[in-house]
Ligand SMILES: [Zn+2]
């Protein structure tokens with residue numbers, strides 16, 4: 001992600017000062033004497049980041065605060081041991097009128113506060129007595145800062161949605177690590193695309209997608225199996241046909257934590273080559289829609305998935321956000337790893353209504369590892385070292401995602 005995260009003391013963070021802007025236009029930012037220009041890791045910019053909106057979702061155990069931003073931002077986190085609150089600040093940022101309204105209309109559950117602490121900085125403050133643990137992370141597309149707060153066990157929300165009085169007990173001074181899953185391991189389902197009677201895409205020299213996806217999948221299994229705490233399952237480990245529905249049921253019934261589908265792309269133009277990683281969502285362009293329709297085995301006019309039920313049905317915002325995070329980790333690892341050996345065209349992270357991404361209930365991605373229709377990539381796909389490199393880079397992307405601690409989906 002294009003975000004920087006580091007911890008330091010953030011002097012000057014105090015009670016809200018009631019900043020209010022007369023319009024949704026950002027205030028003029030003086031570049032001279034602005035403290036934020038001296039903060040390590042920030043970039044001087046004439047236009048501050050706009051916090052477009054502030055949202056909160058609450059449950060008895062958790063509160064999620066989301067700050068919608070107009071672009072990527074830098075986050076500064078204050079976690080001084082003796083401080084009475086944790087402060088997560090966005091330097092060089094301002095609250096839009098809409099966001100300002102949210103901070104006053106009860107959207108933000110007390111005692112948490114989102115404030116314009118200086119003309120150039122927005123801060124979210126979390127009093128230490130009000131949470132058991134928290135985590136914050138930046139997401140893109142659209143850019144936003146997410147803060148998940150786990151409430152103290154005795155506390156929780158009253159029926160009125162307002163926090164009850166903090167319990168009179170010793171509250172840990174430092175944020176607690178996220179509670180590990182009770183089952184004690186992470187289940188990853190690898191899904192090599194196609195198989196058996198379904199060859200998938202074909203290359204000029206008769207290479208079949210189903211063979212490549214299986215080879216990459218088996219290599220990836222080998223790598224992940226060596227990683228402590230990871231259980232690896234495959235939707236197929238030989239050349240057999242498996243319905244898409246069976247693949248998703250398999251992942252769901254095994255309570256998988258991650259689902260990684262492997263495919264090889266194809267394009268009418270033989271010059272098109274490179275990698276792209278998908279997570280579930282509406283196709284943003286015709287090409288993404290065509291790829292999803294082909295992989296789903298459905299006509300272009302109907303991908304058979306019904307993405308319009310995205311919000312109301314199976315997909316939780318957690319799945320969406322973590323799929324996005326996994327996709328970016330996988331893409332970054334693939335591009336950085338592969339580019340040292342090959343000339344890889346990076347088509348980025350995309351969304352499209354793939355069946356296997358739609359009907360799996362855990363974070364899931366679909367990697368199109370190369371173009372079988374491109375003669376030079378078709379040749380590469382036959383090389384064991386290329387297959388190994390693809391598997392290795394996917395492995396590193398998955399491990400990087402797990403290391404962020406954002407995979408406690410179950
Ligand atoms: Zn495919």
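The values are calculated or read from the model by the stated rules, or taken from the named source; none is laboratory data. For clarity, every value in this text was computed on a predicted model and none was experimentally measured. Note: ideal-geometry Cβ built from the backbone for every residue, glycine included; neighbour counts use all protein chains shown.
Summary of values
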item: Single residue of segment 343-382 satisfying the filter (touching a strand residue (DSSP E or B) at 6+ places or on another chain (Cβ under 6 Å) and over 21 Å from residue 397 (Cβ atoms)) that is surrounded by the fewest Cβ atoms within 10 Å (Cβ to Cβ); result: 358
item: Residue check, residue 282 surrounded by fewer than 16 Cβ atoms within 10 Å (Cβ to Cβ), touching a residue at least 60 places away in the same chain (Cβ under 8 Å) and more than 15 Å from the ligand (Cβ to nearest atom); result: yes
item: Condition check for residue 253: surrounded by fewer than 16 Cβ atoms within 10 Å (Cβ to Cβ) and within 26 Å of the chain's Cα centre (by Cα); result: yes
item: Members of segment 349-376 found to be within 17 Å of residue 390 (Cβ to Cβ), more than 16 Å from the ligand (Cβ to nearest atom) and in contact with a helix residue (DSSP H, G or I) (Cβ under 9 Å, 6 or more places away or on another chain), listed by number; result: 349
item: Which listed residue, of 238, 215, 287, is within 25 Å of residue 373 (Cα to Cα), away from the ligand (no atom under 15 Å from the Cβ) and out of contact with any strand residue (DSSP E or B) (no Cβ under 7 Å at 6 or more places or on another chain); result: 238
item: Residue list for segment 232-254, filter: in contact (Cβ under 8 Å) with a residue 60 or more places away in the chain and in contact with a helix residue (DSSP H, G or I) (Cβ under 6 Å, 6 or more places away or on another chain); result: 244, 247, 248
item: Meets criteria (crowded, with 17+ Cβ neighbours inside 10 Å, at pLDDT below 80 and in a strand (DSSP E or B)) for residue 116; result: yes
item: Qualifying residue in segment 137-154 (condition: more than 29 Å from residue 323 (Cα to Cα) and touching a strand residue (DSSP E or B) at 6+ places or on another chain (Cβ under 8 Å)); result: no
item: Pairs with Cβ under 8 Å, 6+ apart, first in segment 363-375 and within 14 Å of residue 328 (Cα to Cα), second assigned to a loop (DSSP other than H, G, I, E, B) and away from the ligand (no atom under 12 Å from the Cβ); result: 363/257; 363/407; 363/409
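So that you can scan it fast, the table gives a plain yes or no per residue for (1) at pLDDT 50 or above; (2) more than 19 Å from residue 143 (Cα to Cα); (3) not assigned by TED's automatic domain parsing to the domain that holds residue 135:
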| position | (1), (2), (3) |
| --- | --- |
| 11 | no, yes, no |
| 15 | no, yes, no |
| 27 | no, yes, no |
| 42 | no, no, no |
| 55 | yes, no, no |
| 58 | yes, yes, no |
| 69 | yes, no, no |
| 100 | yes, no, no |
